[in-house]
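The values are calculated or read from the model by the stated rules, or taken from the named source; none is laboratory data. Values in this document were obtained by computation on a predicted structure and should not be read as measured data. Counting neighbours? That spans all protein chains shown, and the Cβs are built from the backbone with ideal geometry, glycine included.
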Amino acid sequence: MTQVQTPKIVKKKLFSPIWLLPIIALALGAWLGVKSIRESGVEVTIHFPSATGMDIGKTLVKYQGLTVGKVVDMSIDKDLKGVDVSVIMDYRAAPFVNEGTKFWLVKPKATITGVEGLDTLFSGNYISILPGEGDSSSFFEAETTAPVITPGVEGLIVHITTKKLGSLDVGSPVFYRQIPVGQIVGYHLESSDQILVTAFIQQQYAQLVKVNSQFWNVSGISIDASLSGIKVSSESLASILAGGISFSSDDDSESAKNKHEFTLYDNQDDALGGVMFTLKASGNEAVSQNAPIVYRGIKIGQVIQKTLSEDGITLAAKIDGVYQELLTETADFWLEGADISLSGIKHPERLITGSVINFIPGNGAAKQEYTLLTQAPEPKNLNKLLLTLHSDSNPGVSAGAEIRYKQIKIGQVLSSELNSALTQVEYQIEIEPDFIGLVSTNSHFVAESALAIDASLEGVQVKTRDLNTLTSGALSLVRGSSKALATSESALRVFATSDEAKSYYASYNLIKKRLLSQDGADLAAGSPIYYKKMQIGQVTGVQWQASDNNFAIDMAIERTFNSLLNDKTVFWRNSAVSINASLSGVEVEVAPLKAALKGGISLGLIEGKQTAENSYLYDSRFLALSQAKPISLTFPASVKLATKAPIRYLGHKVGEVDSVTLTQDLKQLNVSAYLYGEYAANFNQQDASYSIIDADISLAGIKAPETLLTGPYIEVFPGQSAKKASSFVGQIEKPFHNLDNALTFKLSKSNLGSIKAGTAIFFRGVRIGQVDNYQLSQQGTGIIMHAHVEGKYKHLINQSSVFWDLSGVKVDLGLFSGAQIETGSLETILAGGIGVATEEVTLPTNAIMKQHTFALKPEVDSKWLSWTPVQKAQPD
C-alpha cells in the first residue's frame, strides 16, 4: 500500500539578502562623498608684492620639506599694490592656518655671506609656512623676509645696539674665539641715533652668552693712524668680506635670556676689561651720554648711562681695561668744554662734539663713586720723582727719551752713561708727580721698538711709534706687584725686550736642584722636566764628576711646583719609546716629542711612609717608584749574564741587572744592578753573597731548568755584617746558607770520585742532607767536603755516626762464592750519594761540634745497617 507523505508548509521570508547590496552601495557612496568633501582642502589667499617666481599649479607650499599646499590661482589685488595668490592647503594642515601663521616665498639668493634657497634651483621657488596661533583665517599678508626662527631651528635671539652699522649686514657671522656660533638676522633704526641689530646664536652655543657678555665689531681691517704711530689689525677673511661680531663669556655669570640687550663696542680693547664706577654731578646738563673721559688728550673711557637722581645727575662711567690702573682713590674728574676768550678759542672741536670729562690720577685703591667737578682741581704735588735705572746694555735709549705707561707720557730720561765700574748702563730719569703712585719697588722698564710687525694665521698687526721713539728711543713702565712705592734710593732695571724681562725675573722664580746619575742619561741643557706629562722645568747643565765617577745634572723647576719637591719626590729619565711586553699584553709608552729629541726627566711621588731618595736619577719609572738602590758586581768573564736579568732571593725577585760590560783586560764582567727599595736594606751587608744560577744538565737531572728560557740570574743571600756596601764580588758556585738551623760538618776522602756539590746524604734511604762544596786539603793528600743535614734530622748525627760512599755499582767476584753485585737507588747510580748510620742516641755528651770531620768510608759494613739507637726511658 502506498504511503502518502504530509506536505511541509514553509513561511515566506519578509526580507531578502539581495536588498543588502543597494544599502551597502548607498553607504559607500555617502562615505566617499563625505571623504571627498573632507579632503578637498582649505583655500586661503596670500597677498604678495608681486607674482615673480610663482606659477599656477606648479608653485608648492612646503613645511619642513613636506608639501602641504599648492598655488591654484593668482590675481591682481583691487588696490593694484600686489597680487592675491589662492592656495589650496591640504586638509590636514587646516588646524595650523591661523591668524599668527606666516608665509614667505623661498627663492635662491646669493650674497657675500653665503647662498640661500639653493634647493630651489632644482625644485623651483616655493612658499614656506610657519604655523602660528590664534583663530582660523583665510587671508594672509606674505612676509618680505624669512622669520628669524624657522621650523626646526632652535637658538637664542639677542639684541645689540650700536651707533653705526658699518659693514655689518644680514648674514654677517657672530664669532666666539674666532669660531662662528651664529649670525646677524636683521637690523633696524630704533631711534634717530641708534641701530638695533638682531643676532641669532645657535642652540649649542647659546649658553656662552652671559648677561655681562661684551660684544664688539670685528669687521674689515682696522687702521689707527695718529701722530704717535700707525696700528693695522684684521680678523678672519670672512669678517673682512662680510663683517662680523665677536663676544666674550664669563663662566661665573648668569646665562642671557631671549632678546637680552647688549651694546656693540668698536673693538675688543673697548669691550673687554675696564672698570665701572659712578660720577655724581649736580646741575651739569652739558654732560651727554657717551661723553668721553680724557686724560692728556687721550680717550681712556666714556659715560655709559646718564640718569636723574634726587641730588642731581648720576653718570655710569667706564674706564677702559688698558687704563684701569690709573683709577685711584684720589683721582679727580671735571667737566671741560671749549674755552672761548679774547685770546681765541681753545678746543674749538668741542663746540661740535660736546664737552668732555677730564681726568687726573692719584694714589690709593680705586673706589666706586666720585664727584664730577666743575673746574680743574689744584695741583696735588709739584715734586717729581728722580730714579736711577740700570741695564746690562743700552737698547737705544738716550737723554730726552720719554717714559711711558700705556703709551701715556709719565716722565723722561735725563741722562744715560756707564757706571763707575764700566759694567752697566745707568739712566737718570724723572717721573711726573701725577704718576709717582704707578712706580713700585719691583717695577721695571722695557725699551720700545720704533717698528713692530706681528704676523700670524689670525691676522697681521703692524705697529709704529712716533719720530721721537725712532730718534731717542722710549721706555715703557711695567708695574710691579709690590704696594711699596719706589723712592730715589730704589734700583730698578731696564730690559731691551719683554721676553728678556720675563727670562730675568723667571730665574728668581725657579728652584735649583742637582741629581746624580751613573751616566749622562742623554740629557743636555734645555732638556724638559715633566710632571704628569706637563713641563714644569728644564735641565740647566750636565757635568762629569771624575772624583765620584758619575754625572751631576742641574735642574731648574718653576716655583709654582714647589709643593712637589719633598721627601716623597723621585726622578727618572724619559725613554723615547718604552715597551713592556708580557703574556698579559704589550704596553707601549711614547714620550713627548721634545723629550724624545732632547732627552727628558719625569718627576713623581712615592706612596706610603717610606722616604724617597730624591738626589738620584733613576733609569725608569718603576725603579724610581720602588726606590731601587744601585749596586755594582764583578764576575768572571765566563759568566753568561744579560741586561734586565733578575736578582732573586729564594725565588722572589728583589732587584734587576741594569748593564753588563767587560773590563778592558777582558777577564771580568762589571755589572751595574738595582736592589728594589723595600728589599735593599736586607742585601747590602758587606758579607752578602751574590752568585750565578744557570742551568746544569747532568745524569741526575737538570738544575734550574727555567734559566734555559729566561737566561741565568743572580741569587742573593743576606750577610751578618753590620757594615754596609754597594760593591760586591759575585761567585760562580752557589754557597751554602744555613736557613733552617741545619747541622753542618765535614767529610774527608782520599779522592773525590763521583761526588760533587749537591750529592745527597741518605739515612735508611731517606734524603736528609747534601754535600755543599769541596776542596783539596791543605797538604793536597785528600778531599775535604762541606756538607749539612737538615735541621729536622740533625738529631740523627753524632760522634758515633759513620758515612760511606753509595755511588755507582759495586761488583765482588770470588772463585768459590761467585759474583755479588751491590747497587743503590737509581739516583745514587746516576748522581752518586752518601749513606749514614748512627750507633748511639744523640746526647749532649756525644753531639758533634761545628765543622766536625768524618771520614767517608769507601763501602758499607753490614753491621752498620743493623744499628737502631733507641732513646731509653728516664726513671721516674
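Here are a few things to note about the model shown:
- The residues listed here are GLY411, GLY396, GLY364; of these, the one that is of a type in the set (Gly, Ala, Ser) and either more than 22 Å from GLY480 (Cβ to Cβ) or under 39 Å from the mean Cα position of the chain (by Cα) (or both) is GLY396.
- Residue within the range 276-290 that is within 35 Å of the chain's Cα centre (by Cα), closer than 21 Å to LYS163 by Cα and modelled with pLDDT under 80 present: no
- Complete set of residues in the range 695-713 that are modelled with pLDDT of 80 or more and in a loop (DSSP other than H, G, I, E, B): GLY711, PRO712
- Comparison of SER632, SER620, SER659 shows that the only residue that is free of Cβ contacts under 8 Å to residues at least 40 places away in the same chain, out of contact with any Pro (no Cβ under 8 Å at 6 or more places or on another chain) and under 19 Å from ASN550 (Cβ atoms) is SER659.
- Flag for SER415 being surrounded by 13 or more Cβ atoms within 10 Å (Cβ to Cβ), at pLDDT 85 or above, among the hydroxyl-bearing types (Ser, Thr, Tyr) and under 16 Å from LEU492 (Cβ atoms): no
- Residues in the range 461-494 that are within 15 Å of GLN407 (Cβ to Cβ), in a loop (DSSP other than H, G, I, E, B) and either small (Gly, Ala, Ser) or at pLDDT 85 or above (or both): GLY473, ARG479.
- Sole exception among (1) loosely packed, with under 15 Cβ neighbours inside 10 Å; (2) out of contact with any helix residue (DSSP H, G or I) (no Cβ under 9 Å at 6 or more places or on another chain); (3) at pLDDT 85 or above for HIS852, by number: (1)
- Taken together, SER253, SER239, SER246 contain a single residue that is small (Gly, Ala, Ser), over 16 Å from GLY321 (Cα atoms), modelled with pLDDT under 55 and within 33 Å of the chain's Cα centre (by Cα), which is SER239.
- Just so you know, in the range 243-265 the residues that are assigned to a loop (DSSP other than H, G, I, E, B) and among the small types (Gly, Ala, Ser) include one that is surrounded by the fewest Cβ atoms within 10 Å (Cβ to Cβ), and it is SER253.
- Matching entry among LEU372, LEU385, LEU438 (being within 21 Å of VAL294 (Cβ to Cβ), touching a helix residue (DSSP H, G or I) at 6+ places or on another chain (Cβ under 8 Å) and among the hydrophobic types (A, V, I, L, M, F, W, C)): LEU438
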